[in-house]
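Peer 1: After the structure tokens below, expect a handful of questions from me.
The values are calculated or read from the model by the stated rules, or taken from the named source; none is laboratory data. No experiment lies behind these values; they were computed from the predicted model shown. Don't worry about glycine lacking a Cβ; one is built from the backbone with ideal geometry, like all the others, and counts go over all protein chains shown. Accessible surface areas use protein heavy atoms only, side chains included; no ligands, DNA or RNA. Shrake-Rupley method; radii C 1.70, N 1.55, O 1.52, S 1.80 Å.
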Amino acid sequence: MAAEIVNPRSANGTDRVAGAGGVPGGVSGGTDVADVPGGTESTPDEPFDPVFALHRGGKMAIRATVPVRDKDDLSLAYTPGVAKVCSAIAENPELVHDYTWKSQVVAVVTDGTAVLGLGDIGPEASLPVMEGKAILFKQFGGVDAVPLALATTDTDEIIETVVRLAPSFGGVNLEDISAPRCFEIERRLQERLDIPVFHDDQHGTAVVTLAALNNAAKLTGRTLGDLRAVISGAGAAGVAIAKFLLAAGIGDVAVADRKGIVSIDRDDLTDVKRELAEITNRAGHSGSLDAALSGADVFIGVSGGTVPEPAIASMAPGAFVFAMANPNPEVHPDIAHQYAAVVATGRSDYPNQINNVLAFPGIFAGALQVRASRITEGMKLAAANALADVVGDELAADYVIPSPFDARVAPAVTAAVAAAARAEGVARR
């Protein structure tokens, strides 16, 4: 049976799961909240900080799901009983899914090179984010996840490390790995592994964006094919969103990087951007992002830059502005609302939050449920459609995407992804 990753805090947010020797969290000697940077008993110059208090000792722990109360339990959970299970799996490797936690657990893998808006901060500093990702997997999708921060940025080393770890996991979620290496790492891992490999910075963002965009189009009496979009940012998220919108049937999409629109007439493009230029920008825009926004129906920001108000004002009537940079959107919502029919951000304090947690827990839950060998475009499209459908008759300008805390989200996405996996022939049960 699987061990379960749990949040090591009780309902009041202070107690921890008892560990070795009964010490909370299994840490010898333990610590007091006063030891937290800025704790209540530190100097007056360091006021109590609830963020550090919450993170003290980490945000997760592992507990057993079977008892070990006496020698009989011990002989079943470990030697000699466990040998029977090992022998059975050796004879029939597929049994590993039934008699270990493999089919219920995802590896959350990073090298710490593109963490949130902090950039390349290294594996140790990335670990709080990876722990956070793991508890979101559990909270919103019922999926166990293990954070793995790797002490290498070499593409080949990352790939080889994950391949060697893969027998322990049912899926791999790549996280906060910088572009363009993230594209190659994901592609090569999926080629070598028979379990889902999913770079959430790319595909999770794209799924939620498409769901919100479909609902925005529906709200205004249009279809995706009626829309011309401009994306600010040609990194992992921008490239993935552009490709996904094209696969879903958008009318046209252009992508801009720091030097302007990614177009075939530029001689400074990487291989990834050159490929992108060949499949996007049917209207033939070149030059600045601001110029391309003139008459555009959709702005999607995943760059962290700033778009001037006149550029937003030049968009088509009834436009959509998805300014998703965090914590500072490319366009302030108050400004965007002056010109756009629908406004979305990446922030939780505004309506229409484009939040990856709406997608990745259910996508992995559905894939693991049917033991999928990969996550296909069809599975991602099914996730986006299911997510959009949750909104239903409640659709409004300030509600084109559901809240992450809507209990309907994960079951809907899980069921849709599982059904799509079976339809596409990648399910193994």
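Peer 1: Among the residues of segment 395-418, how many are of a type in the set (Gly, Ala, Ser), open to solvent by 40 Å² or more (accessible area, probe 1.4 Å) and more than 21 Å from the chain's Cα centre (by Cα)?
Peer 2: 1
Peer 1: Within segment 393-412, track down each residue that is among the small types (Gly, Ala, Ser) and closer than 14 Å to Leu219 by Cβ.
Peer 2: Within segment 393-412, Ala396, Ala397 meet the criteria.
Peer 1: Sticking with this structure for a sec: For segment 275-289, what are the residues that are surrounded by 14 or more Cβ atoms within 10 Å (Cβ to Cβ) and within 29 Å of the chain's Cα centre (by Cα)?
Peer 2: Glu275, Leu276, Ala277, Thr280, Asn281, Leu289, listed by residue number.
Peer 1: Could you check, for segment 353-360, whether at least one of its residues is at pLDDT 95 or above, in contact with a His (Cβ under 9 Å, 6 or more places away or on another chain) and buried (at least 24 other Cβ atoms within 10 Å of the Cβ)?
Peer 2: yes
Peer 1: Scan segment 188-244 for residues that are of a type in the set (Lys, Arg) and within 14 Å of Glu377 (Cβ to Cβ) and jot them down.
Peer 2: Passing the criteria: only Lys243.
Peer 1: Also, I was wondering about something else. If you check every pair at least six apart or on different chains, which have Cβ atoms under 6 Å apart with a residue in segment 91-112 that is acidic (Asp, Glu) first and a residue that is outside any helix (DSSP H, G or I) and open to solvent by 10 Å² or more (accessible area, probe 1.4 Å) second?
Peer 2: Asp111/Leu150; Asp111/Thr153
Peer 1: Inspect all residues belonging to segment 136-146 and state whether any of them is in a loop (DSSP other than H, G, I, E, B), more than 16 Å from Arg374 (Cα to Cα), in contact with an Asp or Glu (Cβ under 6 Å, 6 or more places away or on another chain) and open to solvent by less than 30 Å² (accessible area, probe 1.4 Å).
Peer 2: No - not one qualifying residue is present in segment 136-146.
Peer 1: Sort out for me the helices (runs of 4 or more DSSP H) sitting completely within segment 327-429 that have 3 or more residues that are in contact with a helix residue (DSSP H, G or I) (Cβ under 6 Å, 6 or more places away or on another chain).
Peer 2: Of the helices (runs of 4 or more DSSP H) lying wholly inside segment 327-429, those with at least 3 residues that are in contact with a helix residue (DSSP H, G or I) (Cβ under 6 Å, 6 or more places away or on another chain) span 360-369, 377-391, 409-423.
Peer 1: Further question: When you check Gly392 against the structure, is it open to solvent by less than 50 Å² (accessible area, probe 1.4 Å), without any contact (Cβ under 8 Å) to a residue 12 or more places away in the chain and within 30 Å of Gly318 (Cβ to Cβ), yes or no?
Peer 2: Against the criterion (open to solvent by less than 50 Å² (accessible area, probe 1.4 Å), without any contact (Cβ under 8 Å) to a residue 12 or more places away in the chain and within 30 Å of Gly318 (Cβ to Cβ)), Gly392 qualifies.
Peer 1: Right, next: Which of the residues belonging to segment 365-382 are open to solvent by 10 Å² or more (accessible area, probe 1.4 Å) and either of a type in the set (Asp, Glu) or within 23 Å of Leu246 (Cα to Cα) (or both)?
Peer 2: Hits for segment 365-382 are Arg374, Ile375, Thr376, Glu377, Gly378, Lys380, Leu381, Ala382.
Peer 1: Name every residue in segment 101-128 that is outside any helix (DSSP H, G or I), open to solvent by 40 Å² or more (accessible area, probe 1.4 Å) and either within 14 Å of Ser168 (Cα to Cα) or of a type in the set (Gly, Ala, Ser) (or both), in order of residue number.
Peer 2: Trp101, Gly117
Peer 1: State whether one or more residues within segment 322-335 are under 18 Å from Phe137 (Cβ atoms) and either surrounded by fewer than 24 Cβ atoms within 10 Å (Cβ to Cβ) or of a type in the set (D, E, K, R) (or both).
Peer 2: No, there is no match, as no residue in segment 322-335 is under 18 Å from Phe137 (Cβ atoms) and either surrounded by fewer than 24 Cβ atoms within 10 Å (Cβ to Cβ) or of a type in the set (D, E, K, R) (or both).
Peer 1: Quick test for you: out of Ala3, Ala18, pick the one residue that is modelled with pLDDT under 90, within 24 Å of Pro167 (Cβ to Cβ) and touching a strand residue (DSSP E or B) at 6+ places or on another chain (Cβ under 8 Å).
Peer 2: Checking each option against the conditions leaves just Ala3.
Peer 1: Taking segment 103-116, which residues are of a type outside the set (Ser, Thr, Tyr), at pLDDT below 95 and within 30 Å of Cys86 (Cβ to Cβ)?
Peer 2: Residue satisfying the conditions is Gln104 alone.
Peer 1: Okay, moving on. Report whether or not Ala292 is in contact (Cβ under 8 Å) with a residue 24 or more places away in the chain and either acidic (Asp, Glu) or touching a helix residue (DSSP H, G or I) at 6+ places or on another chain (Cβ under 6 Å) (or both).
Peer 2: Criteria not met by Ala292.
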